[in-house]
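The values are calculated or read from the model by the stated rules, or taken from the named source; none is laboratory data. From a predicted model like this one, the values you see are computed outputs, not experimental measurements. We place every Cβ from the backbone using ideal geometry, glycine too, and count neighbours over all the protein chains shown. Accessible surface is based on the protein model in full, side chains and every heavy atom, while ligands, DNA and RNA are left aside. Shrake-Rupley method; radii C 1.70, N 1.55, O 1.52, S 1.80 Å.
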Amino acid sequence: MHALLRAFHGRPDHPALRAAGVTWSYGQLGDRARRHAAGLRGLGLPAGARVAVLAEPAPALLVALLGQYLAGLVHVPINTRYRGLEVAHILRDSGAALVLVDQACAPALAEAIEQAPELAALPRILLGDELAGGLRAGDRRFEDLYTETGDALPRALPDDALSLMIYTSGTTGKSKGVAHTHRSVSAAIGALTGLWRWRDDDALVLALPLFHVHGLAIGVHGALLHGMTIELLPRFTCEGVIDAIAGGGTIFMGVPTMYRRLLDHVERAEGRDDAATLARARLFTSGSAALPAADFTRFEQLTGHRILERYGMSETLLTLSNPAEPARRVAGTVGFPVPGFEARVVDEQGVNIKDVEDAEDARGELWVRGVGLMREYWGNPQATAGAFADGGWFKTGDVVSRDREGRFAIVGRRSVDIIKSGGFKISARELEDALLELPEVAEVAVVGLPDPEWGQRIVAAVVPKTTAKTSAETSAKTSAETDAEADALAEAVTAHARARLASYKKPRGVAIVASLPRNALGKLQKHRLIAAIEAGELTLRAAG
Ligand code: MLC
Ligand code: AMP
């Protein structure tokens, strides 16, 4: 935080933020943040209180983030695609003292309150004019919270005070709060100066969500700590990114799905030379999921840029990266540990850990240790203890290979229950738990299949509860009837997922099966299910 403040003092007149209709210098952004902090302090929240933020990317969100830091509060962004159940879990689990909500996300908050009525008592800061009509006791309008006179000095905080808590899915059904300190975020970002050669005359085109570490910790913090300008887009569109680069944006960070869309867009361009516009930028980086080598090559052919691929996690921030020199970037790899991080490859058993540090072409689970590591999973000492090995090594769960030069490639994940789609992490268990709520579902298994657009796509295999009373009744059904029933169940499954969870968690295919593959001990074998789907042995329905 103190480093962030230096950036504000150092270049008061330089543009910090450009967004639709708004350009704020560092001086103006800093001033707004200080006034917001004073307003927040006036609410009497103790240092370390969590402020949940459920709002789409907008300039006010940056004011809120910085104001919370100055007031010694912890920023807890919530995925704006989340529905009531998911939002309620985070508000409860984080023990949020306050929630900042905008108009677009107000329905999700209302759904959360339906799920957990006690959340109705949570004080709200409302962002947006129409919402003001809904003010209740304890609520404030964002605009009214600015104070002209309040204490403008930042609250003094130790470096290991929490700054950010990002919720991320795991192998269990419910998401966990990844708690970062001011030190872990600043240290991870400080490495970028040398690593990616970020400069204060750069402008970062930011179209990533601001509730994950990629857009928030690396994007927002990285840009501001380097005195750069943020070109903030309300959401990702190809046109928005290309226009922002045409307007002077020099750096774009994206997930592979965004690059796939940019490539298709550029190739479709009729009469426009979008490739030449993209070529004007200085640096393109990709992360959060594997960038297909073919897309790396296509992008280079079209724009001349070799995308810099890097790897990170909510828990570890930026961890491995290809080098700054374009010629040293290798497609299909994520490079080397970033300064301040060490990385090891350990055997896949996880029990009898064998350090294969000296082996050539090592392959196994990636363990990392270094400056950007989270402090803990919030309120979950058991999960925290389970995530670390002796010596402070964080067990990433990702399977990597490392070549003789020490360059890493991500080759898989230890758990099939974690799915990454379009850069979003999805817990198979969470979706399975939701689908089991349907009375007509007896068993369900959710898996991720390789997908060219999303990286992985979600498929659910469902065993229906049989309603037929006798086997004669079942065999009397025509195959058309059975097919229609299966279609109806698949539709119901997809509709239920959409009603309960963020829409990107919905299955994009549903297989209605008589049983799930299990071993002799009854253990579900998801790899057999994946193989059967890939071999075309199961009919996929209701592809959404
Ligand atoms: C949207 N949809 C998705 C999806 N995103 N489905 C699967 N996976 C996704 N990621 C669904 C929508 O719900 C919608 O469903 C349909 O696809 C069409 O949506 P769209 O409008 O075309 O998609 P869009 O809104 O443009 O979103 C695509 C996207 C977005 C790529 C811009 O997914 C995105 O912002 N991804 C980035 C995620 C990210 O920031 N990850 C970083 C994690 S941090 P329907 O049914 O409603 O039509 C991390 C660590 C690190 O991993 O170091 O990087
Ligand atoms: P999240 O919890 O959303 O932060 O997601 C972190 C996960 O994204 C990692 O554990 C990896 O599985 C995946 N990931 C991040 N970067 C890459 C990359 N460059 N290549 C492959 N997978 C990645």
Checklist entry - Quick one: would you say PHE394 is away from ligand 1 (no atom under 16 Å from the Cβ) and not polar (S, T, N, Q)? => result no
Checklist entry - Since LYS174 meets every condition but one in (1) on the phi > 0 side of the Ramachandran plot; (2) surrounded by fewer than 19 Cβ atoms within 10 Å (Cβ to Cβ), which condition does it not meet? => result (1)
Item to check | Pairs, first assigned by TED's automatic domain parsing to the domain that holds GLY448 in segment 494-507, second assigned to a loop (DSSP other than H, G, I, E, B) and hydroxyl-bearing (Ser, Thr, Tyr), C-beta under 6 Å, six or more apart | outcome: ALA502/TYR82
Next on the checklist: Given (1) open to solvent by 20 Å² or more (accessible area, probe 1.4 Å); (2) among the charged types (D, E, K, R); (3) at negative phi, identify the lone condition not met by ARG197.
Outcome noted: (3)
Item to check | Top-ranked residue of segment 259-274 - restricted to ones that are more than 26 Å from ALA409 (Cα to Cα) and surrounded by fewer than 19 Cβ atoms within 10 Å (Cβ to Cβ), ranked as modelled with the highest pLDDT | outcome: HIS265
Item to check | Of all residues in segment 282-305 being in a loop (DSSP other than H, G, I, E, B) and either of a type in the set (Lys, Arg) or away from ligand 1 (no atom under 16 Å from the Cβ) (or both), the one that is surrounded by the fewest Cβ atoms within 10 Å (Cβ to Cβ) | outcome: GLY304
Checklist entry - Is segment 424-437 home to any residue that is farther than 30 Å from TYR259 by Cα, away from ligand 2 (no atom under 16 Å from the Cβ) and in a strand (DSSP E or B)? => result no
Checklist entry - How many residues are in contact with a Gly (Cβ under 9 Å, 6 or more places away or on another chain) and open to solvent by 20 Å² or more (accessible area, probe 1.4 Å) if we restrict to segment 505-537? => result 3
Item to check | Filter result for ALA460 (at pLDDT below 95 and either under 26 Å from ALA514 (Cβ atoms) or open to solvent by 40 Å² or more (accessible area, probe 1.4 Å) (or both)) | outcome: no
Checklist entry - Out of all the residues in segment 93-110, is one or more surrounded by 18 or more Cβ atoms within 10 Å (Cβ to Cβ), under 20 Å from ARG35 (Cβ atoms) and acidic (Asp, Glu)? => result yes
Checklist entry - Considering only residues of segment 400-423 that are under 21 Å from VAL330 (Cα atoms) and surrounded by fewer than 17 Cβ atoms within 10 Å (Cβ to Cβ), which is farthest from ligand 2 (Cβ to nearest atom)? => result ARG404
